[in-house]
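Reading through the structure tokens given below for one structure.
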Amino acid sequence: MTDTSADDSAESAEPVQFRDDVTVELVKHSASDSDVLWAARVSTAGEQSLAEISKDPERSKGLINYLMRDRHGSPFEHNSMTFFVSAPIFVFREFMRHRVGWCLAGDTEITLESEAGTLRRRSIRELHRLWHLGVEDRLPASAGGVTWHPAAGRWRAEVRRGDERHYLGLHESREAAESAVVEFREQDPGTRLRTLESVRRNHVRCYDEETLLPRRARITDVMESGVKQLLKITTSSGRVLRCSVDHAVLTPEGWAKAGELAVGDAVMGAGPEREPSRPPVPPALARGIGVWTSRQRERLIGATGTCHLCARSFPREELALDHRVPVAADLARALDEGNLAPVCEECHTRKSGEEQAAAQDGAVTGTALPDPIVSIAQDGEEMTYDLSVEGPWHNFLADGIVVHNSYNEESGRYRELQPVFYVPGEDRKLVQQGRPGKYEFVHGSPEQHKAVSEAMEASYRQSYEAYQNMLAAGVAREVARATLPVGLFSSMYATCNARSLMHFLGLRTQHELAKVPSFPQREIEMVGERMEAEWAKLMPLTHSAFNANGRIAP
């Protein structure tokens with residue numbers, strides 16, 4: 001439904017509109033069942049693999065079903081689909097749990113940060129291998145694996161199964177020898193590789209996009225995303241980033257696609273890691289700043305608020321006000337209301353501890369700084385990778401440059417948000433019965449539907465009027481948008497491959513064939529159903545195998 005009426009008591013430049021549905025459009029794709037078949041057969045058929053695909057359709061169907069059943073996931077990653085989605089903001093909060101990128105070269109070095117603040121770099125290709133294939137135990141040479149052969153001057157690869165030793169030849173590089181071991185184990189998985197916990201707990205260096213101060217975020221997944229055309233971007237400081245044209249890169253003006261950048265533009269890169277210790281803030285002054293800050297709490301935090309670090313909601317009494325830019329870093333912003341944001345107790349304690357440790361050490365800063373581009377060139381095609389990291393910032397350092405995942409939502413910082421809001425339709429079930437994990441939703445009464453619609457519409461009109469009034473008074477868009485509710489419609493481009501889409505569908509759709517039941521919110525399920533319909537047309541054999549194997553992603 002669409003209601004273009006406006007509140008008689010408010011004159012708005014745009015009439016408030018209400019919608020009860022979502023929009024999902026397939027914008028572009030490189031996805032077919034043949035992508036899965038080619039990826040699976042190339043290791044055995046080599047250059048003949050493309051011809052093998054067309055020989056026997058039933059055999060092809062059986063191979064895809066086998067890969068799905070035995071959870072051989074990588075062949076399902078050599079494709080991509082980009083969707084345009086228009087939905088309420090609360091739907092996109094669910095999407096953030098399924099961030100999928102696809103566009104960094106394998107030799108890109110990712111900056112990892114330990115809990116103690118120690119930085120080290122590791123290639124994204126290596127991170128992917130460790131994340132998905134595991135790490136072999138450090139065993140004596142006689143137990144198998146990769147060892148150096150001094151006489152031959154090469155790396156020897158071998159695997160031992162019980163009393164039987166499998167010799168896999170001599171190789172020019174350690175990487176080639178390791179690949180031979182991995183390939184043997186994949187084809188004959190008699191021994192399971194052990195994935196070290198420390199690999200799964202890795203954190204990356206990321207950045208607060210408002211203050212540009214360094215932060216730390218946990219890796220949630222590492223994806224192999226298919227062969228892509230790459231750009232090579234070189235900066236004046238000597239940094240080199242190799243990525244696809246669609247990859248988002250942070251600039252002084254905000255996020256931009258790599259393909260939109262030109263020589264002379266600047267990208268944000270890691271700044272110097274340490275600077276001399278600043279003198280501490282005098283205790284009396286620190287106490288005064290603390291008293292002033294606490295007095296702003298009732299005025300700046302509503303009855304409920306959202307922690308700006310972990311993005312969770314809390315009642316006002318469980319929130320404090322945090323200086324985004326620490327007082328010790330910039331005393332001039334100590335009494336700046338624009339530098340204050342709600343923070344929960346857990347995040348506040350952790351951040352305060354980090355800031356105090358930094359002040360004692362001679363402050364680890366690393367604030368992101370502009371780095372001008374001196375050249376951009378095409379750099380061929382090769383396998384690409386990306387990371388998924390926890391929020392709230394969802395960025396990381398790739399070869400010293402701040403980059404993003406392939407999830408781009410409409411930004412309220414750069415444009416005025418339009419007054420289109422979500423109101424549930426009459427077919428939306430409103431009443432919850434049972435307890436979490438076993439509850440079900442049932443249809444509400446006409447009176448309940450009327451109460452919901454009237455309350456939402458009145459709230460939307462009031463909040464949008466407040467938003468317009470702040471803009472008219474000259475308040476920045478990024479500040480004024482705080483008054484808008486999560487029922488506001490937004491839009492985004494979301495790029496994924498078949499494997500990541502199956503993970504998403506397994507959690508965000510309810511289906512009679514699912515081995516693991518899911519109870520998604522209806523609005524995110526509506527998006528999932530429309531994405532699945534488009535995907536099923538592109539990859540019918542893969543979609544059929546997904547359903548036949550309990551809708552569990554490989």
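The table below lists the values:
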item	result
Complete set of residues in region 459-491 that are surrounded by fewer than 17 Cβ atoms within 10 Å (Cβ to Cβ), within 18 Å of residue 20 (Cα to Cα) and at pLDDT below 90	486, 491
Filter result for the condition that a residue is assigned to a loop (DSSP other than H, G, I, E, B) and either outside the structural domain of residue 214 (by TED's automatic domain parsing) or touching a Cys at 6+ places or on another chain (Cβ under 8 Å) (or both), over 321, 309	309
Residues being touching a helix residue (DSSP H, G or I) at 6+ places or on another chain (Cβ under 7 Å) and not β-branched (Val, Ile, Thr) - total across region 303-330	13
Residue match in region 238-260 (condition: charged (D, E, K, R), in contact with a Gly (Cβ under 6 Å, 6 or more places away or on another chain) and more than 23 Å from residue 350 (Cα to Cα))	yes
Region 266-285 - residue that is modelled with pLDDT of 65 or more and in a loop (DSSP other than H, G, I, E, B) and, of those, farthest from residue 373 (Cα to Cα)	282
Sole exception among (1) out of contact with any Asp or Glu (no Cβ under 6 Å at 6 or more places or on another chain); (2) part of a loop (DSSP other than H, G, I, E, B); (3) not aliphatic (A, V, I, L, M) for residue 326, by number	(1)
All positions within region 500-524 that are over 24 Å from residue 223 (Cβ atoms) and part of a helix (DSSP H, G or I)	522, 523
Any chance residue 514 is without any contact (Cβ under 8 Å) to a residue 12 or more places away in the chain, surrounded by fewer than 21 Cβ atoms within 10 Å (Cβ to Cβ) and of a type in the set (A, V, I, L, M, F, W, C)	no
Pairs where the first residue, in region 471-494, is within 30 Å of residue 81 (Cα to Cα) and assigned to a loop (DSSP other than H, G, I, E, B) and the second is of a type in the set (Asp, Glu) and at pLDDT below 90, C-beta under 8 Å, 6+ apart	none
Check on residue 112, at pLDDT 75 or above and within 25 Å of residue 499 (Cβ to Cβ)	yes
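The values are calculated or read from the model by the stated rules, or taken from the named source; none is laboratory data. Fair warning: this is a prediction, and the values are worked out from it, not measured in the lab. So basically every Cβ, Gly included, is an ideal-geometry build from the backbone, and we count neighbours across all protein chains shown.
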